[in-house]
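The values are calculated or read from the model by the stated rules, or taken from the named source; none is laboratory data. Just so it is clear, the model here is predicted, and its values are computed rather than measured. All Cβ positions, glycine included, derive from the backbone under ideal geometry; neighbour counts span all protein chains shown.
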Amino acid sequence: MSQINRSPKTYDVCVIGSGAGGGMAAKILTEGGLNVVMLEAGPQIYPEKDYKMLMWPYDLPHRGAGIGGRASENFSEFLAPNGAWQIDGEPYTSAEGANFQWFRSRIVGGRTNHWGRIALRFAPVDFQSKTRDGLGDDWPITYDDLAPYYDKVESYIGVFGTKENVSSAPDGVFLPPPKPRCTEILIKKACDKLNVTCIPARLAILTKAHNGRLPCHYCGQCSRGCTTASNFSSSQVLLPPAMATGKLTLLTGVMAREIVVGKDGKAEAVSYIDKATRTEKRVYAKAIVVAASACESARLLLNSKSVLFPDGLGNSTGNVG
Ligand SMILES: Cc1cc2nc3c(=O)[nH]c(=O)nc-3n(C[C@H](O)[C@H](O)[C@H](O)COP(=O)(O)OP(=O)(O)OC[C@H]3O[C@@H](n4cnc5c(N)ncnc54)[C@H](O)[C@@H]3O)c2cc1C
Ligand code: SF4
């Protein structure tokens, strides 16, 4: 490994990952006046070039048949953007008999470039799984603690839905839903007859202009990427306002390898691999937000071993992740 370069400055915060969690952290922190550096393992994304919205099959190398001949895995070339949600050459294991698939998206915006935009809240009961069915643990916070933040997120990103008072799917701050299609009206009628709850979906798609973004024009191409940013992605909705503050430094193609802890036991830097130059560098920050997705965040914490933390960071229980 070549020499580790120290960054010339200490940022207020280093955010690792630019997806749903990292993007929101960067927006809030930069708008609050902090200097933030963001480390993202994947490349930058350019909607006008990378999104396949309104393209014809003959515009694509394999007429949309499938990336690397993987049409059977549903990885059509039409899928936005750049290579679907599995990472070639990076195997993982899963327990025998388990069919766990580790969906990842290594690109600016992470999996928010791919997600189905179904934007549901946890219900109060979801915070009490141990009490309810003996599985897992109860959360140390309740739905009521989190609800004001759901309000804020929905108000900003735009989610359509209807107030229904269903206990397993709490109501939120909603834009009006789109009008139902004929089939949906028929299904609703049948459900009502059978006394089955049938309500409009709750999706992070704009049914009217919202916070400077255009409403959906119902082209039905969401999975190809939305060039009008009418649905939510971190890359189109969270990172632009963060960049506009002038306080966000976004480093792409850099893989955080280890969180470095100082003598006082506090995290003080992140060591990362610059994939283009294959060199290891270090960036210093007063605080570090680990938002590399659930599994990759756990991996990073486990890789962050030191004399003070021989089993990795945040792992005093041995159960990190
Ligand atoms: C096909 C698909 C459909 C989905 N549909 C829905 C849905 O309808 N509703 C819903 O609620 N959820 C859905 N999800 C899940 C949702 O997208 C994720 O829960 C959410 O994006 C997680 O946010 P995150 O910030 O934790 O991680 P991500 O959005 O995955 O972002 C993590 C980022 O960290 C980067 N990274 C990883 N490791 C490192 C490292 N070591 N150094 C630097 N950067 C790193 C990655 O490149 C990535 O950009 C879907 C996911 C997929 C794949
Ligand atoms: S959000 Fe609307 S405009 Fe954007 S791709 Fe989806 S259907 Fe088309």
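Computed quantities for the displayed model
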| quantity | calculated |
| --- | --- |
| Set 246, 253, 265: member being surrounded by fewer than 22 Cβ atoms within 10 Å (Cβ to Cβ), away from ligand 1 (no atom under 16 Å from the Cβ), among the small types (Gly, Ala, Ser) and at pLDDT 95 or above | 246 |
| Pair list, Cβ < 8 Å and 6+ apart or interchain, from the range 217-246 residues that are farther than 20 Å from residue 25 by Cβ to residues that are near ligand 2 (Cβ under 6 Å from one of its atoms) and of a type in the set (S, T, N, Q) | 217/228; 217/230; 222/231 |
| Selection from the range 190-232 of residues that are exposed (fewer than 14 other Cβ atoms within 10 Å of the Cβ) and in a helix (DSSP H, G or I) | 190, 191, 192, 193, 194 |
| Filter result (among the acidic types (Asp, Glu) and under 16 Å from residue 107 (Cβ atoms)) within the range 7-24 | none |
| Hits in the range 278-312 (condition: aliphatic (A, V, I, L, M), within 22 Å of the chain's Cα centre (by Cα) and at pLDDT 95 or above) | 287, 288, 289, 290, 291, 292, 298, 300, 301, 302 |
| Lone qualifier among 175, 206 - being under 30 Å from residue 143 (Cα atoms) and within 9 Å of ligand 2 (Cβ to nearest atom) | 206 |
| Qualifying residue in the range 33-41 (condition: away from ligand 1 (no atom under 15 Å from the Cβ) and in contact with a strand residue (DSSP E or B) (Cβ under 8 Å, 6 or more places away or on another chain)) | yes |
| Residue 105 being in contact with a Lys or Arg (Cβ under 7 Å, 6 or more places away or on another chain), away from ligand 2 (no atom under 16 Å from the Cβ), among the hydroxyl-bearing types (Ser, Thr, Tyr) and touching a residue at least 24 places away in the same chain (Cβ under 8 Å) | yes |
